[in-house]
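Everything below concerns the one structure shown next.
Please treat every number below as a calculation from the coordinates, not as lab data. Every value quoted in this text rests on a predicted model; they were computed, and no experiment measured them.
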Amino acid sequence: LIASALCLINCTGKPETTSPQRNKLRPKTEVKIGPYTYRSYSGETLGQGAFEIWRGDKVILREEDGDYNISLDRKDSNLPEPGKDITGDGLPDLVIEVYSGGAHCCFEYLILSLGEEVKKLDRISGGNSSFEFKDLNGDGIYEAIGNDDTFAYWETSYVESPMPGVILKFDGKKYVVSDLMRRPAPSDEQLVAKLEEVSRDQGESRWGIPPSAWGYMLELIYGGNGDLAWKFCDMIWAKRGKGNREDFLSEFRKQLAESPYWDGIKSLNGWR
Ligand SMILES: [Ca+2]
């Protein structure tokens, strides 16, 4: 009720946060892409900027309450150059990185198609992770490369939290887990070497095993070698596990299923 009441006041006129007294917007970046002009603005504090897409004298798309960046805003940018077709349909695209501010969180990537119409193709929520857009396999369609922060703060501090790498591809409609994430399965020797390394890790948890243990399990799962993750868990548990391993695994699986990439991770591993 409160939300809709506020909307009646603010959604009809200029939103309160952008009124001159509250948050003065300063022009930041302007670039022309075909018939469109992209304009971004900095707010008084980080995370209070805005962007607009103009066609002629009309604003077609506007968003605010974020820090909006395109590749021109950065040297060595992780984003494609404005207007570059990254989806393979021949139409220009624009990737806008949205940063909401705060100590860590949060990055989002808005992918726009700027053809006859402006279309929002997808919005990737990176959470604590930034993403890089790059054509990894040379097919002309850009992959989005980042990390999954589903396990941030899980059973440990932020710095010790594993964040497995993800590679997303555009499937014509949205960004989904790419087969490029597949890694060759480690040999028995490699698994044993990893076991030695992880057993020596000083890191602690209430489960006895260090965060690097489930970090490596995630690395195996995110490389399509999930069945070896359970094997590795047995191995490390025999050395350092505390309490019931099945309880740990059930909590771990529950957290894993929270991942925004869970469906793709399941098919990568042939799990149902
Ligand atoms: Ca395109």
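So how tilted is helix 245-256 from the main axis of the chain? Cα-based, degrees 0 to 90, rounded to 10.
Between helix and principal axis, roughly 20 degrees.
Any idea what log10 I(q)/I(0) is at q = 0.13, 0.18, 0.19, 0.28 Å⁻¹ for region 175-226, Debye with uniform C-alpha scatterers and no solvent?
Those come out to -0.38, -0.65, -0.70, -1.08, one per q.
So what's the gap between the Cα centers of region 190-223 and region 49-115, to the nearest angstrom?
38 Å
Quick check on the chain: helices-only [θ] at 222 nm, where DSSP H runs of length 4 and up contribute -39,500 (n - 2.57) each and the sum goes over total residues. Nearest 500, please.
Helix contribution divided over all residues of the chain: -7500 deg cm²/dmol.
Let me know the volume per residue of the alpha-carbon convex hull for region 230-272, in Å³.
77 Å³
Can you classify region 55-139 as rounded, prolate or oblate using the Cα gyration tensor, where a ≥ b ≥ c are the square roots of its eigenvalues, rounded means a/c under 1.5, and otherwise it's prolate if a/b beats b/c and oblate if not?
Oblate, because a/c is 1.5 or more while a/b does not exceed b/c.
Looking at the chain as a GNM with Cα springs under 10 Å, which of 243, 83, 203 has the largest mean-square fluctuation?
Highest fluctuation among the options: 243.
Just the projected area, averaged over all directions, of the convex hull on the alpha carbon atoms of region 129-272: how many nm²?
9.1 nm²
Normalise the Cα radius of gyration of region 141-200 by 2.2 N^0.38 Å (N = residues in it) and let me know the number.
Cα Rg divided by the expected 2.2 N^0.38 Å: 1.48.
By how many degrees, between 0 and 90 and to the nearest 10, does the Cα long axis of helix 188-200 differ from the longest principal axis of the chain?
80 degrees
Against the longest alpha carbon principal axis of the chain, how many degrees, from 0 to 90 and to the nearest 10, is the axis of helix 211-221 turned?
Roughly 80 degrees between the two axes.
Pick from 255, 48, 202 the residue whose mean-square fluctuation is largest in a GNM of the chain, springs joining Cα atoms under 10 Å.
Among 255, 48, 202, the largest GNM mean-square fluctuation belongs to 202.
Can you tell me the relative contact order of the chain? Whole percent, Cα pairs under 8 Å, sequence separation 6 or more.
For the chain, the relative contact order is 9 percent.
With the Cα gyration tensor of the chain in hand, give its eigenvalues times 5 under a square root as the equivalent ellipsoid semi-axes, listed largest first in whole angstrom.
Result for the chain: semi-axes of 41, 23, 15 Å.
Past 27 Å, Cα to Cα, is the threshold; run 28/84; 28/75; 28/173; 231/254; 119/266 against it and keep the listed order.
Pairs exceeding the cut-off: 28/173; 119/266.
Take the chain, connect every pair of alpha-carbon atoms lying under 10 Å apart with a spring to form a Gaussian network, then pick out the residue of 127, 223, 138 with the largest mean-square fluctuation.
Looking only at 127, 223, 138, the largest GNM fluctuation is found for 138.
Using the Kirkwood formula over every pair of different C-alpha atoms, what hydrodynamic radius in Å results for region 33-79?
Kirkwood radius, region 33-79: 11.5 Å.
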